[in-house]
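What follows is calculated from the coordinates using simple rules that are stated; it is not laboratory data. On a predicted model such as this, the values are computed, not experimentally measured, just so you know. Because the Cβ atoms are built from the backbone with ideal geometry, glycine has one as well, and the counts that use them run over all protein chains shown.
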Amino acid sequence: MDDSAVSLRAESGQGTDGGAPLGNTAKSSPPSPQAKRADRYEGLGYARFVLSRHARQLKPNAMAGDVYRTVDCRYVRRDRTVGVHFSAVHQGAHYSNLATCGSVWACPVCCALIQQRRRVELAQLIEWAYANDYRPLMVTFTFPHTAFDTLEDLMAKQKQAFEFLRKGSPWDKFKKRYGYGGLVRSLELTHGENGWHPHTHEIWLIRDLSPIEEVAFVEFVRERWLKVCERVGLVTEDKRFAFMLHAVDVRFGVSQSDYLAKQDASRAWGADREVATSTSKSGRASGVHPHEFLIRRAKGDSARYLDYVHAMKGRAQLFWSHGLKARVGVEDVTDEVLADESLEPADLLGLLSADQWSLVRRRRKRAQLLDVAETGDWLQVLRFLKSIGWDAYA
């Protein structure tokens, strides 16, 4: 069994560190609530904590204060105690008084929280658009790349291309012709046989178009994207034909309930989900998300992950046109705020002492303790602590 498999088993209560699996923490503890949630957390909560631990192991502790804030995320205490909270409304549990990094790129745990909350904003955007006589569409932009291209170079050229795309009188006339009312762009990044693959999904707001207008619309966007990509060096003459076939995809009249063609292993994506949760996608034919490096840990994956963290630092995953959030009525909230679970209304079940939190970390039971806390019973949490080695009288 490889290290990743051992880590997943350890974090999910099947490990070799002496902790008992959930449902067997004490004879008087009912196993059914935890057992019912086991599959869900094996694939989501547990895995995210495992990935965050792998990320922490990759990053030099000496640099934890800057690029590597993920080193401390949901691991280092910000106070003497760690709060354990339960929300009866959401049937979920979370910690407080822990450091959070708020990185949608580097941190698997913060990424999941931020994206799900951004999804609500995008659903609000689409609902507002239809109510105000716009017809939202989705445009996906890609471009050729090779295994020899560096991520920083591709990102710089992509940024230039988008700046040129939306400059000049042709673009101004285009916006006026189609009643363009703004956009939201989501940046997605995968890695495959041909190296890094940055691409975007954008929701554009336009007026309702006839079939003939839709054809002219797509033709303009494709030709203009080709022109700006040639200008910044993202496409060469020999790749123009393939570029025109694959580099731009336009889907008209999207809604939050539409299911798009893009799917991962078992999930279909609506327009709002496609944009907001793009970085959560795992393996697919065109490549894997960089978080996959933390799972497979093949030769070169550590270096690739660190390159990724450096290149994406400071970049926004979601970009809204100037003034669009205010028009839609969406509050401008940072990723750091969205990643802070302690801001959500929830009941405080109890406080973990510094020694108790140290034990939970050492036993790799951060996710499993939250699963127990979802019973809403602090006594169950105390029994769980005892099952992993806590002695209140030591």
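As a rough guide to protection, the peptides 69-82, 240-253 ranked by mean Cβ packing within 10 Å, highest first, stand as 69-82, 240-253.
Classified by the C-alpha gyration tensor, region 105-155 has an oblate form. Its axis ratio a/c, with a ≥ b ≥ c, is 1.5 or above, and a/b does not exceed b/c.
If you filter region 100-176 for GluC sites (Glu not before Pro), then keep DSSP loop positions with at most 15 other Cβ within 10 Å, what is left? Don't skip to the answer; put the middle values down first.
Numbers: sites: GLU121, GLU127, GLU152, GLU163; in loops: none.
Loop-located and lightly packed - none at all.
Shape analysis of region 103-262 places it in the oblate category; the axes a ≥ b ≥ c from the Cα gyration tensor give an a/c of at least 1.5, with a/b not above b/c.
Ordered by the number of other Cβ atoms lying within 10 Å of each residue's own Cβ, fewest first, ARG315, ARG48 fall into the sequence ARG315, ARG48. The ranking of ASP391, ASP340 by Cβ neighbour count inside 10 Å, starting from the fewest, reads ASP391, ASP340.
Take 323-331, 108-116 and order them by the average number of nearby Cβ atoms within 10 Å per residue, most first; the result is 108-116, 323-331.
Here is the link list: LYS157/LYS313; LYS239/LYS313; LYS227/LYS313; LYS175/LYS313; LYS175/LYS227; LYS176/LYS239. Which ones come out longer than 22 Å on Cα distance?
On the way: LYS157/LYS313 17 Å; LYS239/LYS313 31 Å; LYS227/LYS313 29 Å; LYS175/LYS313 32 Å; LYS175/LYS227 18 Å; LYS176/LYS239 31 Å.
Long pairs (Cα-Cα over 22 Å): LYS239/LYS313; LYS227/LYS313; LYS175/LYS313; LYS176/LYS239.
D by Stokes-Einstein for region 315-394, Kirkwood Rh over Cα pairs, 10 °C, 1.306 mPa s: 100 µm²/s.
The charge dipole of region 147-197, taken about its Cα centre with unit charges on the Cβ of Lys, Arg, Asp and Glu (plus for the first two, minus for the last two), comes to roughly 640 debye.
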